[in-house]
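Notes to accompany the following structure.
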Amino acid sequence: MAFREYKIGSRMFGLAFGTSMFITLYMPAVDIQNVSATSIAMDRQLSFGRVGGFSYEDPFLLGWAKPITVQISQDPKTGAAIESTRAFVYEKDVPFPNGIRHPRILGTEPAAVSESKGRINEASEDQGAVFIVREVVEGGVMIPYIENATATRGWLPAATLSKANESQRLLVGKGKIMFVREGCWWCHTLLPEQTQDWQYFGAPPMLGDFNGESPTAFGSDRKGPDLTHVGSRNSSREWMVMHFFNPRLVQSHSIMPRYDYLWGEKDASGTVIDYDGWRAAYTAYANGESIYPPEVPLPAADSEARALIDFVLNLK
Amino acid sequence: MFKYLFAKAEDIPAGSAAIYFGYSSIIWFVIGTGLGSFNAAKLAFPDFVMGSEILSFGHMRQVHVLAVILGWISMAFAMAMMYITPALGNTKLWSEKLGVWNCFLWNVGLSIGLFLLWMGVTSGREYSDLPWPIDLVVVLGLLVPLCINVLMTIKTRRTQGIYTTNWFFGAATFMVIIVFTVGNSPEFFQLTGLTEAYLTWWFAHNVLGLWITPVAAAISYYVVPKVTGNPLYSHRIGHLHFWSVVVFYSTPAAHHLMSAPLPEWLKSFASVEGVLILVPAIAFVSNLLLTMTGKWRMFVENIEIKFTITGVLMAIPLNMQGGFQQTRAINWYVHGTGWIVAHAHLALLGFSTFLEAAAVYYGLQTLLRRKLYSLGLANFHFWMLLIGFTAYWVSMTIAGLIQGAGKIYEVPYIDVVIAEHPYMIARWVGGTMVFLGNCVWLYNMYMTARVGTVIPAGRLPHELAYER
C-alpha cells in the first residue's frame, strides 16, 4: 500500500462498512430484542422444541428428542378432573426451548413472571418437565408466562403422557422437523402478509409472536396457500391423510408432490404398504378405468406422516 | 490437480489454480442447472419421479440454489480472481499452491455440504441452509484462503495504482467473509424468532449485494477494456460505483421481509436505501457501455464481448426491478410470487452468469494458451442461455403477476395454480435449454483444452481467427 490514497481509502471503507453494519445489525437487533413474547410465541416454542432444523440432538432431522403436546382433562398428579389443558411434555433429555434456557428472550416482564410464578428456572433437562402457558393480569396489563407444572403442580412427564390417549397427543415438535426437512416451506409460507391476506389466510402475526422459535420457516416463494392458520380452516385429519398421501385425491389440480413415502413400510394396522399396487390402482382410477380410488392406508402412530399431519393440524 | 497439492511451489505452473477453478465452475454449472431443470419439471408435472424422498422437490430445491451460487458463480469468481488479479498487478498469483488447495477444498467441501443438504440436513433458513459445521468449512476452507490470496497478490503487485477490478475483488472477498460469518451466526448462537429471520435475509441480501453483484461487475471492468482495447471510460464513475455499493447495497436487507412484522423504521429505511441501489447500477452500466464506444461491432462479432455486454444490459431491467419492487407501493403486489423468482434468475442467470461466462471463456483461453475450439458451439451456448433464460423470465414474471392478482383479490388458491400451469411448463422448457447449452459449453471447453489451436506467445486469444 504505497499510496496515501489507499490509506485514506481503506479507512473510509472501514468507516462506511462499519456504519452500515451498525445500522443494519446492531440497531435492529436491539430493537427486536426489546419486544416481549406473546402467548403465541410461548406456545410455538414449547410445542416445537429447541430447534426445528439441524441440531446436536437430531443431526439427521429424524425428529429425535422433541417434546410432545398433549390435551389433558385430568390432573396427572391427583387424577382429579380439571379444565381441558394444553401441556407440553419434555421427557428426560429433551432439550428445552430457547425461552426456557435463556428467559430474557421472552422479554423483561414475561421472563420475570415465568421465573417467579412459573418457576421455569427450576426445570431440569436431566429430569424432564411439563410446561403450560398461562396469563396473569398485573397492573391492568395481561402478561403471558410459562409455568413449569412439574415444579408448581408436581406433574411428571410420564404421568402427564399417561393421561392423554393417542388422539390427544400431537407430535408437533417432530412434525416441525418434517416440515423443515421435507421443504414444505419452499412452497407454503407461514406468514400471511399484512396488506392483503387477512380474509383468505387469516391474521398476520405480531412482532412478539416468534421470540424463541428457530427457524421460523416463513418461506418466501408461495406456490401453495399460506399455512399459518390452516388448522382453523380445515381440521379434518382424514382430509389431511388423503391429501398428504396423494394430493390429487382431494384436489385434482394440485401440484403438490405425493408424500406417501413418509408413511414408511407399515400402516397403522401393521400391514406392509404395497406402494406399487396402490399407484397402479390410482392410475387406473385417474384414467377412468375404475370408479373408486384405492383406500389410503392410515399412518402408523410412530410414522413421519403422522407427525407432519399433527404439525399442520396444530397450525391454528 | 491432485499431483500439485503436495508439489513444491515452484513446480506448479502459473495459472493452474485458475484453470482448475474454471473447469470446476463449468461442471458445477451443469450440475446446478440440471437440478434446476429437474425441479422445474416437478413443478410442472407433480407426479414426475415420485415415491422417493431423495428425489422430491423439497430436498432438491436448495441444492440447486447453492450449487449454482457456491459452485458455479463463486467458483467462476475465484477463477477470475486468480488470473485477473495477478494480470492487473503485473505479477504472479501470491501462492499458486494455496490456490490449488483452495480449489480442492472448495470442491470437496461443497460436495459434502450439498450431499448433506440433499439428505435433508438443513438449518431451515433460505440461502443459509447449510448446517453450521459446513458453514465453518465454507468460511475457513473456501473464503478465507481466497481472500488471503487475492489481498496478498494485490499487495505484492508491481504496478503503482490498483485498477478498479482489483478494488472490487479485494473488498468483496473481505466482505463476503463477514457476511457469511455473521449471516450464519444465528444457527450457532441460537438467535431466534424475528432476529433470526432478519439475519437470514440480511445474509441473502448481502451475499448478492456485496459478493455476486460487485464481483460480476468487476469482471466486466476487466474483460471489456481488455478485449476491445478501449480504456475504461471513467475511473471516477468507477469510484462512484465502488463507494455506492459499499454504502447503499449493504443496507436494504429488511426489504426482503416487507410483509413480516419487523419494526416499521427498519422497513422504511431499507426501502429508501433499496431505491438508492440505482446509483451503483447506473454508474456501472453507463461506464461499461461508454467504454464500448467505437467498438460496438464486437458485440456481434466477439463472443466474450457478446456475453459481457448482454450481462451488462441485463443489469438495467434487473436494477429497475430491484430498486422499485421493494417499495411498499409495489412490494405488496409481487411479494412472494413468481415475479420474485424471475427477478432472482435475472440477477443470477441473466446479469451475473453472462459476465462470468465471458470471464471463464476468456480466462481459460488465455491460461491454456489455446484458442476456443468452436465459435459455432459458443454461439449455440450463448443463444441457448439467452433464449432459455428469457423464456424462464417472461413465463415466471407472468405467473407472478397472476399470483399477485390472485393474492389481492383473494381468489381461491387452486385457481391460481391452474392459471399458472402453462407458465410452469414454459419455465421448465427454458431451464432445460439452459442446461443443454451448458452441456455443450462443457464439451467445447474440454475440446479447447485438448485440440484448441495454440496461441503464440505475445498474442491475445481474441486476436486469432477461429478455425471452426
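Here are the numbers for this structure:
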{"item": "Lone unmet requirement of (1) surrounded by fewer than 17 Cβ atoms within 10 Å (Cβ to Cβ); (2) assigned to a helix (DSSP H, G or I) for B:Gln321", "result": "(1)"}
{"item": "Candidate set: segment B:113-134, residues that are closer than 23 Å to B:Leu257 by Cβ and surrounded by fewer than 21 Cβ atoms within 10 Å (Cβ to Cβ); chosen: the one farthest from the other protein chains (Cβ to nearest Cβ)", "result": "B:Tyr127"}
{"item": "Matching residues, segment A:189-202, being at the interface with chain B (Cβ under 7 Å from one of its Cβ atoms) and part of a loop (DSSP other than H, G, I, E, B)", "result": "A:Thr189, A:Leu191, A:Glu193, A:Gln194, A:Thr195, A:Gln196"}
{"item": "Count - residues of segment B:413-468 that are within 24 Å of the chain's Cα centre (by Cα) and of a type in the set (D, E, K, R)", "result": "1"}
{"item": "Selection within segment B:12-32 - open to solvent by 10 Å² or more (accessible area, probe 1.4 Å) and within 15 Å of B:Val63 (Cα to Cα)", "result": "B:Ile27, B:Trp28, B:Val30, B:Ile31"}
{"item": "Residue match in segment A:41-48 (condition: open to solvent by 20 Å² or more (accessible area, probe 1.4 Å), at pLDDT 95 or above and within 13 Å of chain B (Cβ to nearest Cβ))", "result": "yes"}
{"item": "Any hit, segment A:3-14, residues being within 13 Å of chain B (Cβ to nearest Cβ), among the β-branched types (Val, Ile, Thr) and free of Cβ contacts under 8 Å to residues at least 60 places away in the same chain", "result": "yes"}
{"item": "Residue count, segment A:243-273 (criterion: more than 10 Å from chain B (Cβ to nearest Cβ), surrounded by 13 or more Cβ atoms within 10 Å (Cβ to Cβ) and assigned to a loop (DSSP other than H, G, I, E, B))", "result": "4"}
{"item": "Test: residue in segment A:100-120 that is out of contact with any Lys or Arg (no Cβ under 7 Å at 6 or more places or on another chain), under 15 Å from A:Gln45 (Cβ atoms), open to solvent by 50 Å² or more (accessible area, probe 1.4 Å) and in a helix (DSSP H, G or I)", "result": "yes"}
{"item": "Hits in segment A:70-81 (condition: open to solvent by 30 Å² or more (accessible area, probe 1.4 Å), closer than 19 Å to A:Glu147 by Cα and not in a loop (DSSP other than H, G, I, E, B))", "result": "A:Gln71, A:Ser73, A:Gln74"}
{"item": "Failed condition for A:Ala203, given (1) touching a residue at least 60 places away in the same chain (Cβ under 8 Å); (2) open to solvent by 30 Å² or more (accessible area, probe 1.4 Å); (3) closer than 26 Å to B:Trp332 by Cβ", "result": "(1)"}
{"item": "Search result, residues across segment B:148-172 that are open to solvent by less than 10 Å² (accessible area, probe 1.4 Å) and away from chain A (no Cβ under 13 Å)", "result": "B:Asn149, B:Val150, B:Thr153, B:Thr165, B:Phe169"}
{"item": "Residue within segment A:206-214 that is surrounded by fewer than 19 Cβ atoms within 10 Å (Cβ to Cβ), of a type outside the set (Ser, Thr, Tyr), in a loop (DSSP other than H, G, I, E, B) and within 12 Å of chain B (Cβ to nearest Cβ) present", "result": "yes"}
{"item": "Residue within segment A:138-148 that is within 14 Å of chain B (Cβ to nearest Cβ) and either part of a loop (DSSP other than H, G, I, E, B) or open to solvent by less than 60 Å² (accessible area, probe 1.4 Å) (or both) present", "result": "no"}
{"item": "Some residue of segment A:227-242 being facing another protein chain (nearest Cβ under 9 Å), open to solvent by less than 10 Å² (accessible area, probe 1.4 Å) and out of contact with any Pro (no Cβ under 7 Å at 6 or more places or on another chain)", "result": "no"}
{"item": "Segment B:326-347 residues that are farther than 9 Å from B:Gly404 by Cα and open to solvent by 20 Å² or more (accessible area, probe 1.4 Å), paired with ones that are outside any helix (DSSP H, G or I) and of a type in the set (A, V, I, L, M, F, W, C) (beta carbon under 7 Å, 6 or more apart)", "result": "B:Arg328/B:Met258"}
{"item": "Of residues in segment A:179-188 being open to solvent by less than 10 Å² (accessible area, probe 1.4 Å) and within 7 Å of chain B (Cβ to nearest Cβ), the one nearest to B:His256 (Cα to Cα)", "result": "A:Trp186"}
{"item": "Top-ranked residue in segment B:266-310 [being over 24 Å from A:Met21 (Cα atoms) and among the charged types (D, E, K, R); ranked as surrounded by the most Cβ atoms within 10 Å (Cβ to Cβ)]", "result": "B:Glu304"}
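The values are calculated or read from the model by the stated rules, or taken from the named source; none is laboratory data. Keep in mind that this is a model prediction, so the values were computed, not measured. When we count neighbours, we look across all protein chains shown, and the Cβ atoms used for this are built from the backbone with ideal geometry, even at glycine. Accessible surface is based on the protein model in full, side chains and every heavy atom, while ligands, DNA and RNA are left aside. Shrake-Rupley method; radii C 1.70, N 1.55, O 1.52, S 1.80 Å.
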